[in-house]
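K.L.:
Structure provided below as structure tokens; questions to follow.
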Amino acid sequence: MASYWDRSIFWRGFRDGLPFVLVVGPFGMLFGVVATEAGLPLVQVMSFSIVVIAGAAQFTALQLMADNAPTIVVIASALAVNLRMAMYSASMTPHLGPLPVWRRALVAYSLVDQSYALSVMEYEKRPEMTLAQKTSYFAGVIAPVLPNWYLATLVGALVGQSIPDSFALDFAVPITFLAMIGPMLRTKAHVAAAVVSVICALLFAFLPWNLGLIAAGIAGMMTGAFVELRTENKDMA
Amino acid sequence: MSESTTVWVIIVAMGMGSFGLRFLFLGVIGDRELPEWVLRHLRYTAVAVLPGLVAPLVLWPAATEGQPDPARLAAAAVTLGVGYATKNVLAAIFSGAAALFLGLYFL
């Protein structure tokens, strides 16, 4: 049986994933608090975080449940928030597609914004990585993130109190994402994709079900591909 | 249907749906070669989704009821700038956090 384990690369992933505990912690706690206040028993609060592992979608579902929206609307809206995960899945396929199907299922389960963004950055930075190394890196990133997501939800649900607003932890999510975006802007094509994504996301922010983000994602990807192609052709001419 | 059953239905459906979305391409395509034009688009997925995800959060923060906030805007600029210049995620996070707290204190 092939080995998918590279210890030093696992720990490199772990180190890279560690700062994201700062995001996942407060966010998970907040979900625990809000869900408990909404009247969900502990077992359901925890099931949400373990089965769904998607903060934004979980908050969307809670909000709609509180508004007494029909069940089907709750499910559809929350899943729409998660549509970007399908894009992440596609983007990971050229790297982790050769894994056995049950390992791909594990990767899929733990495919969240942080594990996706850090892994894809690493794979692009080091194209010589083997499948085993790519898998170990992904596992390393997720190792500090996922358990802390569960744990933070539990603490929030039990303590019933979130971290005070004065810590401004609301901004931990944007800061950690921006910190990942900076190093990703390697070429003109990457910058163009990012700029178009921002413009479209703001223009289409009025769309329901987070569809503005999907539009921004597709427009950004097309822009990146277009600029890359044009740059290549110019180099050849 | 009792309220508790409804919640379970929502949890299970969301779990299956979220996993389905995450598994969609990894599971179905797996080891098959993708055409070059698809790969060319996929190379830009991260940089096309994350900026769009973060832009409204920066411009219209929920903590200030959607009003643009100078401290948060400055922190965002510092984070992005340091990340771009140093290619170091950790350095960018800490610079951004420092800028945010300085900004909240002084601005």
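The values are calculated or read from the model by the stated rules, or taken from the named source; none is laboratory data. All figures in this text were calculated on a predicted structure; none of them were measured in a lab. With ideal geometry, Cβ positions are generated from the backbone for all residues, glycine too; neighbour counts draw on all protein chains shown.
K.L.:
Looking at (1) more than 9 Å from chain B (Cβ to nearest Cβ); (2) surrounded by fewer than 21 Cβ atoms within 10 Å (Cβ to Cβ), which is the only condition A:Thr60 fails?
P.N.:
(2)
K.L.:
Same structure again: Identify, from the list B:Leu34, B:Leu24, B:Leu80, B:Leu73, the residue that is at negative phi and touching a Leu at 6+ places or on another chain (Cβ under 7 Å).
P.N.:
None of the others qualify; the one that does is B:Leu80.
Yes/no per residue for (1) assigned to a helix (DSSP H, G or I); (2) among the basic types (Lys, Arg); (3) at the interface with chain B (Cβ under 9 Å from one of its Cβ atoms); (4) surrounded by 17 or more Cβ atoms within 10 Å (Cβ to Cβ):
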residue: A:Val155; (1), (2), (3), (4): yes, no, no, yes
residue: A:Gly182; (1), (2), (3), (4): yes, no, yes, yes
residue: A:Leu211; (1), (2), (3), (4): yes, no, no, no
residue: A:Gly220; (1), (2), (3), (4): yes, no, yes, yes
residue: A:Thr223; (1), (2), (3), (4): yes, no, yes, yes
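Rundown of residues vs (1) in contact with a helix residue (DSSP H, G or I) (Cβ under 7 Å, 6 or more places away or on another chain); (2) farther than 24 Å from A:Met46 by Cβ, yes/no style:
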residue	(1), (2)
A:Leu83	yes, yes
A:Met92	yes, yes
A:Leu106	no, no
A:Glu128	no, yes
A:Ile142	yes, no
A:Pro147	no, no
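K.L.:
Please work out which one of (1) more than 9 Å from chain B (Cβ to nearest Cβ); (2) of a type outside the set (A, V, I, L, M); (3) crowded, with 18+ Cβ neighbours inside 10 Å; (4) under 21 Å from B:Leu50 (Cβ atoms) is the condition A:Thr187 fails and give its number.
P.N.:
Going through the list (1) more than 9 Å from chain B (Cβ to nearest Cβ); (2) of a type outside the set (A, V, I, L, M); (3) crowded, with 18+ Cβ neighbours inside 10 Å; (4) under 21 Å from B:Leu50 (Cβ atoms), A:Thr187 breaks only (3).
K.L.:
While we're looking at this one, here's another question. Inspect all residues belonging to region A:133-148 and state whether any of them is without any contact (Cβ under 8 Å) to a residue 60 or more places away in the chain, farther than 13 Å from A:Ile53 by Cβ and either assigned to a helix (DSSP H, G or I) or over 13 Å from the mean Cα position of the chain (by Cα) (or both).
P.N.:
yes
K.L.:
Of the residues in region B:60-107, how many are more than 7 Å from every other protein chain (Cβ to nearest Cβ), under 17 Å from the mean Cα position of the chain (by Cα) and in a helix (DSSP H, G or I)?
P.N.:
Total satisfying the criteria: 2.
K.L.:
Looking at the structure I just gave you, is A:Leu178 in a helix (DSSP H, G or I), surrounded by fewer than 23 Cβ atoms within 10 Å (Cβ to Cβ) and not assigned by TED's automatic domain parsing to the domain that holds A:Thr60?
P.N.:
So A:Leu178 does not fit the description; no.
K.L.:
When both residues are 6+ apart or on different chains and their Cβ atoms are under 6 Å apart, which pairs have a first residue that lies in region B:35-53 and is at the interface with another protein chain (Cβ under 7 Å from one of its Cβ atoms), and a second that is not in a helix (DSSP H, G or I)?
P.N.:
Every condition considered, no pair remains.
K.L.:
Separate question: Give the residues of region B:1-34 that are closer than 18 Å to A:Arg103 by Cβ, within 7 Å of chain A (Cβ to nearest Cβ) and part of a loop (DSSP other than H, G, I, E, B), sorted by residue number.
P.N.:
In the first step, residues of region B:1-34 are kept if they are closer than 18 Å to A:Arg103 by Cβ; the result is B:19-20, B:22-32.
Then keep just the ones that are within 7 Å of chain A (Cβ to nearest Cβ); that gives B:19, B:22-27, B:29-31.
Passing the criteria: B:Ile29, B:Gly30, B:Asp31.
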